[in-house]
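Here the structure comes first, spelled out in structure tokens, and everything after it is commentary.
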Amino acid sequence: MDLKQFANQAEQHLAAKIPNASGDPEYSTAYSLAVMPRLLHKKAALAVANSLFESTIFSDVSLALRSLHEHCSLAYALALISEHYSADSQPSSYSLLEKAIEILDLTVIKTGTPIHGPDIYFLITHIEAVLAPLLPCSPNDQRQFVAPSVAIAYPIKTYSSPQSIEAFQINHLDVEVPCVIQNSLNHWPAFDENCRRKWSVESLRLRIGCRWIPVELGEKYTDDSWGQKVMRGVDFIDKFVLGSGEHSEEDDSSSESIASNATEFDNQSTQRKRAKLSSNMAGKLRIGYLAQHDIFAQISSLRDDIAVPDYCYCSKTSDNKQSEAKNGKAQLSDPKISFWFGPGGTISPLHTDPHNNIFCQILGQKYLRLYAPSETNRVYPFSNSGGGMLGNTSQVEVETPNLTSFPQFKDAKYVDCIIGPGD
């Protein structure tokens with residue numbers, strides 16, 4: 001079935017199946033507008049759903065609200081597709097399809113598509129097939145990946161080949177000693193020289209270029225000027241990865257800003273999404289960073305290019321014993337998968353995560369510095385000064401520490417490393 005036929009059938013099916021609005025007049029208004037025939041009605045329906053989303057704290061977003069947003073987004077996108085194929089449309093113009101895929105990606109990011117996921121992903125796949133050949137040519141960029149210019153002071157234990165699960169658990173996980181394991185990802189399709197799925201900046205540009213993704217703007221999420229907006233993958237790569245960045249006064253009208261709590265992602269830390277937005281960086285270049293986003297759920301074809309390392313299914317022996325005592329057997333949860341993609345010079349502030357991390361590098365190189373939990377007071381977390389939502393983050397700028405304000409930082413012990421592809 002082609003895109004036009006599917007859109008026509010899906011539009012009829014959606015109009016015939018209106019969920020229960022639960023007595024909420026705004027929900028009823030949105031659903032009523034979504035079934036009206038004109039494009040502007042469906043656009044208005046989505047505006048109502050967006051307004052409800054933006055006025056709701058993320059933890060309070062209900063399944064009913066997610067379903068409403070998804071329903072209105074699908075109705076609007078289907079109408080845009082139908083308009084594209086109508087006799088009155090300009091066949092050479094693809095702006096309606098570009099708008100449709102933007103609408104669909106935004107509801108994927110915001111809602112997780114609890115009801116209409118299969119229809120939405122079918123539409124996205126077929127719109128991508130139309131739009132991908134129309135992407136602008138890649139900038140003629142011949143730059144090479146450059147190693148971070150940081151001297152390694154206290155090297156992390158490094159292995160040149162994969163370690164057994166037992167050795168990893170005994171020598172590292174149980175005793176909380178980090179390590180680097182080299183040459184352990186070579187079997188991933190993302191590294192296969194003979195596979196069309198091998199990753200490069202150019203191949204990712206082609207594969208995510210039509211899709212809309214959440215990009216962090218600003219040097220660090222601890223800065224007042226930090227913000228986030230959703231933009232096309234091709235614009236992110238051309239402007240921030242292959243380009244030199246973005247002037248803060250540039251018009252953001254082509255992208256949707258994410259400023260409300262309701263648009264956080266289920267698997268992301270609250271701290272990163274609630275940083276204060278500001279415009280006090282006029283005239284300066286901003287760094288763009290696709291950070292801590294589960295792009296593999298949003299763009300499932302990329303998920304086939306990687307494999308979850310077996311080490312992710314280890315847990316500390318002490319945790320296993322507690323689980324066995326409580327449940328009769330050890331219980332392992334599925335690992336959470338996130339994705340980071342940014343230009344050289346991208347910096348994440350010193351912070352702690354709620355889970356152990358298995359960090360896999362595919363392209364480029366990255367400097368990592370790790371402090372043990374015993375060093376917490378010496379790195380001055382915001383939580384020590386009532387830092388609230390930034391409580392997991394250090395107040396110290398590690399690159400240029402202010403030892404007058406944070407004198408104990410000079411005594412904090414750490415280990416560090418530079419990891420590269422396949423580590």
Could you sort the peptides 54-62, 287-295, 202-210 by per-residue average Cβ neighbour count (10 Å cutoff), highest mean leading? 287-295, 202-210, 54-62
Cross-link pairs Lys4/Lys99; Lys157/Lys413; Lys42/Lys99; Lys198/Lys336; Lys4/Lys198; Lys336/Lys413 - those with Cα-Cα distance over 21 Å: Lys198/Lys336; Lys4/Lys198; Lys336/Lys413
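Students often check this: by mean Cβ neighbours within 10 Å, which of 28-34, 78-84 ranks highest, and how do the rest follow?
Numbers: 28-34: 19.7, 78-84: 22.6.
Sorting 28-34, 78-84 by mean packing, highest first, produces 78-84, 28-34.
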For Ala47 and Gln163 in one chain, what is 0.36 nm times their gap in residues minus the Cα-Cα distance, to one decimal in nm? 36.5 nm
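Quick one: length gained pulling Thr352 to Ser95 fully straight, 0.36 nm per residue minus the C-alpha distance?
Numbers: separation 257, 0.36 × 257 = 92.52 nm, distance 4.28 nm.
Separation in residues times 0.36 nm, less the Cα-Cα distance, equals 88.2 nm.
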Between Asn183 and Leu40, how many nm apart are label points set 7 Å from Cα along the C-beta direction? 6.7 nm
Leaving out ligands, DNA and RNA, what percent of the accessible area of region 3-139 is carbon and sulfur, probe 1.4 Å? 55 percent
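Could you compute the FRET efficiency for Ala372 and Ala132, with r as their C-beta to C-beta distance and R0 at 51 Å, rounded to 0.05?
Values: r = 47 Å, r/R0 = 0.91.
The value I calculate is 0.65.
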Given points 7 Å out from each Cα along the Cα-Cβ axis, report the Asp24 to Phe122 separation in nanometres with one decimal. 2.7 nm
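The values are calculated or read from the model by the stated rules, or taken from the named source; none is laboratory data. What you see is a predicted model; the values in this text were computed from it and never measured. Neighbour counts are summed over all protein chains in view; Cβ atoms, including those assigned to glycine, are modelled from backbone coordinates with ideal geometry. Just so you know, the surface numbers come from the protein's heavy atoms only, side chains and all, with ligands and any DNA or RNA stripped out. Shrake-Rupley method; radii C 1.70, N 1.55, O 1.52, S 1.80 Å.
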